[in-house]
Amino acid sequence: MDDILYLLHCTAKETYEKWDALEPSEMDVNQYPGVYFSLITKNNLLNETLYYSKYMLIFSKKLLKQQNYHINIQDYNGHINEENTYYPWNLDKAIDAINSDKYKRINEVVFHDSISMKYLCAAIISYKNSYTILSNNETLTANYLLPNFPIFNDEEPDMTKIPFLCYPYEMNYTGIDPFKISSKKFYNKMAKMCNVNANQSNMKIIEEIRKKIPFLINNRHLLKIDEFK
């Protein structure tokens, strides 16, 4: 956690000051239904690609103590993939991967529930959106508007939240540089977590999990998270 500065959520909506919470996106087979942030660290502060918008909202790093999120080192529309996705229990490995030279594209932290605005610590208005012009005519990305120190407030993380990782739609990703589909071992673990028979093909496991999503997402206490770790 020492290398982490804060979480960043960008929006074009000036009404953010009236919001009570950031709400998860709608259920969609092409994107995980979550609340999206960029993870900002000491090392990627100036070179991480961002979702540029006029309002850059800085949220407390304490949120990462919760368990209801996953991290994609490369933007993947929130989809869970064996090679690309990290979790609260291996956060340190995610930070190492984000800070490495291997990944240069935007990272994403996807929370599985709404995020209260009480965790909002600061807001930056980037009038030029994607860049700013300095007095010496040097063009810099909006990253240079971001604070270079850890940010958090007195609000404690909600440790009662349970993650929801039963969402096998990685094959619906249509962006550039897709990862290979996760292995049989990976889907066996997901099947056990989601209370599905693991002794069948990946496609059958995926089909059964998809059918159970409406029930499982509202009954997360039935998930066997330790089977997936």
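The values are calculated or read from the model by the stated rules, or taken from the named source; none is laboratory data. This one's a predicted model, so the numbers in the text were calculated from it and none came from an experiment. Neighbour counts are summed over all protein chains in view; Cβ atoms, including those assigned to glycine, are modelled from backbone coordinates with ideal geometry.
Listed values, structure above:
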| read-out | value |
| --- | --- |
| Test: residue in segment 55-64 that is more than 20 Å from Phe164 (Cα to Cα), small (Gly, Ala, Ser) and either touching a strand residue (DSSP E or B) at 6+ places or on another chain (Cβ under 7 Å) or outside the structural domain of Asn188 (by TED's automatic domain parsing) (or both) | yes |
| Test: residue in segment 193-206 that is free of Cβ contacts under 8 Å to residues at least 60 places away in the same chain, under 25 Å from Ile115 (Cβ atoms) and surrounded by 14 or more Cβ atoms within 10 Å (Cβ to Cβ) | yes |
| Within segment 21-40, considering residues that are farther than 16 Å from Lys61 by Cα and in contact with a Ser or Thr (Cβ under 7 Å, 6 or more places away or on another chain), the one surrounded by the most Cβ atoms within 10 Å (Cβ to Cβ) | Gly34 |
| Residue in segment 145-156 that is at pLDDT below 95 and either touching a Leu at 6+ places or on another chain (Cβ under 6 Å) or surrounded by 17 or more Cβ atoms within 10 Å (Cβ to Cβ) (or both) present | yes |
| Matching residues, segment 16-69, being closer than 23 Å to Phe228 by Cα and among the basic types (Lys, Arg) | Lys65 |
| Unmet requirement for Ile133, which otherwise passes all of (1) surrounded by fewer than 14 Cβ atoms within 10 Å (Cβ to Cβ); (2) β-branched (Val, Ile, Thr); (3) modelled with pLDDT of 90 or more | (3) |
| Test: residue in segment 43-58 that is under 16 Å from Ile95 (Cα atoms), of a type in the set (D, E, K, R) and modelled with pLDDT under 95 | yes |
